[in-house]
Structures are given as structure tokens and as C-alpha cells.
1. Taking a ≥ b ≥ c as the square roots of the eigenvalues of the Cα gyration tensor of the range 4-53, is the shape rounded (a/c under 1.5), prolate (a/b larger than b/c) or oblate?
2. How far apart, in nanometres, would the label points at D7 and V92 be if each is projected 7 angstrom from Cα along the Cα-to-Cβ direction?
3. Mind giving me the nanometre distance, one decimal, between the label points for L33 and Y16, set 7 Å out from Cα along Cα→Cβ?
4. Each residue of the range 47-57 in order: what ³J(HN,Hα) in whole Hz does its phi give by Karplus 6.51 cos²θ - 1.76 cosθ + 1.60, θ = phi - 60°, with x for Gly and Pro?
5. Just to be sure I understand the model, the point goes 7 Å from the Cα along the line to the Cβ. What's the resulting Y116 to H65 distance in nm?
6. Report the one residue of P118, F74, G93 whose Cα lies farthest in the direction of the positive end of the charge dipole of the chain (charges on C-beta: Lys and Arg +1, Asp and Glu -1; origin at the Cα centre).
7. Dividing the convex hull volume of the Cα atoms of the chain by its residue count, what figure in Å³ per residue is obtained?
8. Which value, in debye to the nearest 20, gives the size of the charge dipole of the chain about its Cα centre, when Lys and Arg are +1 and Asp and Glu are -1 at the Cβ?
Amino acid sequence: MRHYARDLDPELRVNYCHLVAVSVDPPDVAGALRAGLGANFAFLSDHERKAIRELDIVDETDPKHGLIAIPYTFSLAADLTIHRVYNGWWYVGRPTVEELRRDLRELMAQRPDFTYQPPGPRA
């Protein structure tokens with residue numbers, strides 16, 4: 001998270017993109033984490049665990065600890081369709097800053113105004 005807050009978020013804001021973190025922590029705990037990271041992006045709280053049920057990302061392997069969210073990262077297009085999903089349950093599954101940059105480049109390349117078109121010949 002620190003890499004996203006320090007390296008990626010300032011770069012995204014210049015390009016009108018947004019990061020959002022969602023946790024199952026209560027709002028005050030999520031706010032403390034946000035402040036501790038020095039993050040400027042939104043931290044949303046799903047402390048009632050509604051979203052993890054709706055998204056079907058509940059880890060059910062350890063019933064002793066209740067509803068635990070599998071830590072997924074989604075890169076979304078402007079219309080909120082999912083472009084890529086990273087399963088962060090294992091450290092190596094979490095996206096790097098460079099992977100998220102690549103996702104955004106791929107999404108931007110789909111725009112009709114992304115590629116420079118030189119002007120036609122002058123009349």
C-alpha cells in the first residue's frame with residue numbers, strides 16, 4: 001500500500017485516475033491506516049462485510065475467524081468493467097506499481113483519441 005500511496009497515486013491524479021482501497025476494518029481503523037500511509041486516495045470501509053459477500057470474495061477456509069475477504073485488486077475501465085484481477089492472497093499475487101501502470105496503458109490505448117493522428121495534407 002505504501003508504494004501505491006507514495007509512487008502511484010500522485011502520478012494517477014495528474015492523469016485523472018483514482019485509487020480506492022476497500023477494507024473490512026471499521027472506518028476509524030481504515031482512516032488510521034490511511035493517515036499512517038500518508039495516502040490521499042479514498043479508503044472505504046466494508047466493516048459489515050456486505051461487499052465481500054456480493055463480490056463472492058469470502059475466504060471460507062477458516063470458519064473460526066468469521067468472514068475474511070480474499071485480498072483482490074481490480075483494475076477497472078472508466079465504465080467500471082473489470083480489466084484485470086489480481087489475487088493478493090499470496091504476496092506474489094499482489095500487483096506491482098508497474099503492473100498497474102501497464103493496465104492503465106492498455107485501458108488508455110482502447111480510447112479513440114489515444115493515438116496521435118497527424119493532420120492531413122494542407123489544401
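1. oblate
2. If labels sit at D7 and V92, their model points lie 1.9 nm apart.
3. Once both label points are built, they end up 3.0 nm from each other.
4. Values, residue by residue: 5, 8, 6, 6, 5, 5, 6, 5, 7, 6, 10 Hz.
5. In this crude label model, Y116 to H65 measures out at 5.0 nm.
6. Of the listed residues, the answer is P118.
7. Cα-based convex hull of the chain, divided per residue, equals 131 Å³.
8. Details: 15 positive and 18 negative charges, 92 e Å.
Once rounded to the nearest 20, the dipole reads 440 debye.
Where a number appears in this text, it was derived from the coordinates with a stated rule and is not lab data. No experiment lies behind these values; they were computed from the predicted model shown. Positions of Cβ are backbone-derived with ideal geometry, glycine not excepted, and every protein chain shown enters the neighbour counts.
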